[in-house]
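Below you'll find the structure, written out as structure tokens, and then a few comments.
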Amino acid sequence: MTSLPFPLTPEPDAASLEAGRKLFAGEVTFLKGVVAMNGLPPADRLEVCFAGRSNVGKSSLINALTGRKALARTSNTPGRTQEINYFCLGTDRYLVDVPGYGFAEAPVAVVAKWQALLKAYLTGRQTLRRAFVLIDARHGIKTVDHEIMSLLDTAAVTFQVVLTKADKIKVSEQDRVLDQVRKALAKHPAAFPELLLTSSAKGDGIATLRALIAGLV
């Protein structure tokens, strides 16, 4: 099997960066939290979702993307987000924050309910254009990440790995983690063949991610 090289996403051109800036500089509003599939809003526009292990920095990344400090709730308690949270991004996109996975603190029955909702959403939403799977740059891809990626493979939903907390890893360690991620992704046919390194604290990769989302059609 031929492995994809999974290079880092190149710097977008000026027009793409400006499109991303304008999209996220516009109105971004919380629409609703969904606890069951029948609560999803109408599938009337393109949507992107962010998924990741609990405590991967998902809320911080969404807040950095939107330039709003408290749009997505951050918590020191893993697994606190128990809903699929929908945000209106301008007038023609949804930005979707799905429950964190891989948490150990919550009761088993609660975890099972969240996982069932997550699976139903990822496999059943026709307007989901891309899933961004967040991976902590310090730890690389873990078994629980493969489970979500395999689900996305089955659903034929393109997903792109976004490495978070890149400021917290030494440059000397970065290549080792990237190599591990690339080898892991070679097993997943739905993986988009580029990686993006980000830091919510430093702003690294944020403009590029905005441009990627603005460019999806």
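The values are calculated or read from the model by the stated rules, or taken from the named source; none is laboratory data. Quick caveat, the model's predicted, so the values are computed rather than measured. Ideal geometry is used to build each Cβ from the backbone, glycine not excepted, and the neighbour counts take in all protein chains shown. Accessible surface areas use protein heavy atoms only, side chains included; no ligands, DNA or RNA. Shrake-Rupley method; radii C 1.70, N 1.55, O 1.52, S 1.80 Å.
The table that follows gives values for the structure above.
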| item | result |
| --- | --- |
| Residue selected from segment 126-153 under the condition of a type in the set (Asp, Glu) and outside any strand (DSSP E or B), by the criterion most open to solvent (accessible area, probe 1.4 Å) | Glu147 |
| Residue match in segment 154-162 (condition: over 13 Å from Ile135 (Cβ atoms), open to solvent by 40 Å² or more (accessible area, probe 1.4 Å) and modelled with pLDDT under 95) | yes |
| Hey, Gly100 open to solvent by less than 50 Å² (accessible area, probe 1.4 Å), touching a residue at least 40 places away in the same chain (Cβ under 8 Å) and closer than 16 Å to Val35 by Cβ or not | yes |
